[in-house]
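Structure first, commentary second.
The values are calculated or read from the model by the stated rules, or taken from the named source; none is laboratory data. What you are looking at is a predicted structure, and each value in this text was computed from that prediction instead of being measured. Counting neighbours? That spans all protein chains shown, and the Cβs are built from the backbone with ideal geometry, glycine included. Remember, those area values only see protein heavy atoms, side chains included, never the ligands or the DNA or RNA. Shrake-Rupley method; radii C 1.70, N 1.55, O 1.52, S 1.80 Å.
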Amino acid sequence: MTSSTPRSPTIAIIGGGIAGLTLTIALLKKCPHLPITLYESASAFGEIGAGVGFQPVQVRTMSLIDPRIATAFEKCNKGNTVTEPPRWFTVRVADQRKFAGSANGEIVLGKDEAGGKEKRIIRLGDEVFVMPARRGLGGGVHRAHFLDELVKLVPEGIAQFRKKLVDVTEAEDESGEAVLHFADGSTAQHGAVFGCDGIKSRTRAIVLSDDPCTNAVFSGKYAYRGLIPMSEAVAILGEDEPRTNQMYIGYHGHVLTFPIANGTLMNVVAFSSTPAWTDPNWVVQTSREDMLQDFTHWSPTVRAIMTSLQKPDIWALFNHPPAPTYYTTNPLICLVGDAAHASTPHQGSGAGMCIEDVYILSELLSQCHSSRDFESAFRAYDAVRRPRSQRLVKTSREAGQLWEFEGEGVGDDLEALERNAMKRMDWVWDYDILEDMDRARGIMREERE
Ligand SMILES: Cc1cc2nc3c(=O)[nH]c(=O)nc-3n(C[C@H](O)[C@H](O)[C@H](O)COP(=O)(O)OP(=O)(O)OC[C@H]3O[C@@H](n4cnc5c(N)ncnc54)[C@H](O)[C@@H]3O)c2cc1C
């Protein structure tokens, strides 16, 4: 390096969840010229004891970032049942109220036999339809196990713990760099900051200057989450149902189950509705009795699943309003993952969007050597990633309503629900990220010319 060559900016990554860890792994591999420090507020890396699902499109993107990330996923997903053709969820009606008007507890679907549709009788708990998945490696993993595998890919000395970011200011030395201020009173100076600090992101508030869209809004839904040993789940549901993904739908609630931890556990997420969330905490403990109260009208199967959940917690589900930008340049700060676009989980793709963000961003950053390059990269990343990730936030919220008989123009019409469900994931799963990558590179090139 000559004295006239600008020094490559040093990188600060704030937050060590799926976004922060995968970004760290990506930059270590693709940008060896950019020194990195990861700052995490907790005393160690950690994820909750629950499941998370990734679809083949997202696992392929993990490979594009670093094949070791896809291998980490595969290691946690090995023993899960693979169906042919692949299924995302088998959808079953599990709310007794849907059968209230029927004398014999049956609903008849496909009545327009003239149109070639077969007539079908549906009873409580029956399969209504199957949402197909795409072929390829995908499925559920235990979050903590997956995170542990990612942590193994981060060398010692990169992460600093108990570093809760409280503010970022511009350095007074005219370098234009960012000064990070932590809750323990310490500071650190870096050329660029990546906010991977989740739905309650401090970096988002700084980038958006506390604009009203900074804070996440309540989606009207909350979830109980828990794990049931597979042997216990099989005793409740029989051999097949717990080993494949199930969605039990009803009025203002739905319950998802899918296998994780190499098929040894059944993950349960049971959703319910409330008009407002006033508790400042978004995760609160509840009793089994209160939880069962929410599922009074549901099938014996769903009630048995809920009864098996140990120590139920309620997770209030919030999402971000669309941000007008994902970055700022004075100093350089860029939002990644939930900090940029926290979504409800109803299309199972929030973490997948983190992975996509990281691929596009890390490829662009591999071409960056100066602050000006970073500005161009941020602009290209924002142009490509913001529309897609914000579309997920909007459509996920709609999906939450759809699965709970509240979908606009759909309600509890099972056939209309099926028609909507069968195509609503196409744009998420049939996505060609390489096309967006080319587009992003093109935007960055134009910026630099
Ligand atoms: C019920 C539920 C089910 C879901 N299921 C799926 C699914 O099946 N598939 C899917 O793709 N997505 C799913 N999601 C979404 C997915 O969990 C998130 O999109 C993803 O985990 C976000 O990762 P992240 O790294 O951006 O944020 P986080 O996981 O929130 O990580 C943020 C990190 O930043 C740290 N941090 C926070 N503030 C600071 C600070 N000021 N200073 C330093 N560090 C800080 C935190 O300690 C944490 O380690 C689900 C979400 C929910 C709620």
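Data for the structure
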| read-out | value |
| --- | --- |
| Neighbour-limited loop hits for GluC sites (Glu not before Pro), the range 216-296 (at most 13 other Cβ within 10 Å; DSSP other than H, G, I, E, B) | E239 |
| Whole-angstrom gap from the range 65-136 to the range 393-418, using each part's C-alpha centre | 15 |
| Separation of the A103 and A42 label points, Cα + 7 Å toward Cβ, nm | 5.7 |
| E118/A183 FRET efficiency (R0 60 Å; Cβ-Cβ; nearest 0.05) | 0.45 |
| Helix axis angle, 371-402 relative to the chain longest principal axis, alpha carbon, degrees | 10 |
| Total charge dipole magnitude, the chain, about the Cα centre, Cβ charges on Lys, Arg, Asp, Glu only, Debye to nearest 20 | 620 |
| Distance (nanometres) between label positions extended 7 Å along Cα→Cβ at E174 and E446 | 3.5 |
| Charge-dipole axis of the chain as Lys and Arg at +1 and Asp and Glu at -1 on Cβ define it, positive-most pick from A159, G79, F258 | G79 |
| Heavy-atom surface of the range 135-201, accessible at 1.4 Å and reported per residue (Å²) | 50 |
| Overall form of the chain per C-alpha gyration tensor (a/c, 1.5; a/b vs b/c) | prolate |
| Residue-averaged 222 nm ellipticity for the chain, from DSSP H runs of 4+ at -39500 (n - 2.57), nearest 500 | -10500 deg cm²/dmol |
| Accessible surface of the range 363-416, 1.4 Å probe, proportion on carbon and sulfur as whole % | 41 |
| Extension gain, H252 back to V166 (0.36 nm per residue minus Cα-Cα distance, nm) | 27.2 nm |
| Greater than 30 Å apart at Cα, pairs in K29/K164; K30/K164; K78/K163; K164/K423; K29/K163; K221/K311 | K78/K163; K164/K423 |
| Heavy-atom surface of the range 45-113, accessible at 1.4 Å and reported per residue (Å²) | 46 |
| Candidates per GluC sites (Glu not before Pro) in the range 399-442, loop by DSSP, up to 14 other Cβ within 10 Å | E408 |
| Label zone at R134 (point 7 Å along Cα-to-Cβ), backbone N below 17 Å, the range 338-370 | 347-360 |
| Size of electric dipole in the range 33-87: Cβ of Lys, Arg +1 and of Asp, Glu -1, about Cα centre, debye, nearest 20 | 160 |
| Accessible surface, per residue, of the range 285-396 when the full set of protein chains is kept, probe 1.4 Å, Å² | 33 |
| Distance (nanometres) between label positions extended 7 Å along Cα→Cβ at E415 and T278 | 4.4 |
| Which of T90, V57, Y39, positive extreme of dipole for the range 1-101 (C-beta unit charges) | T90 |
| Carbon/sulfur fraction of accessible area - the range 179-242, other protein chains in place, 1.4 Å, % | 49 |
| Portion, in percent, of the accessible area of the range 32-140 that falls on carbon or sulfur, probe 1.4 Å | 50 |
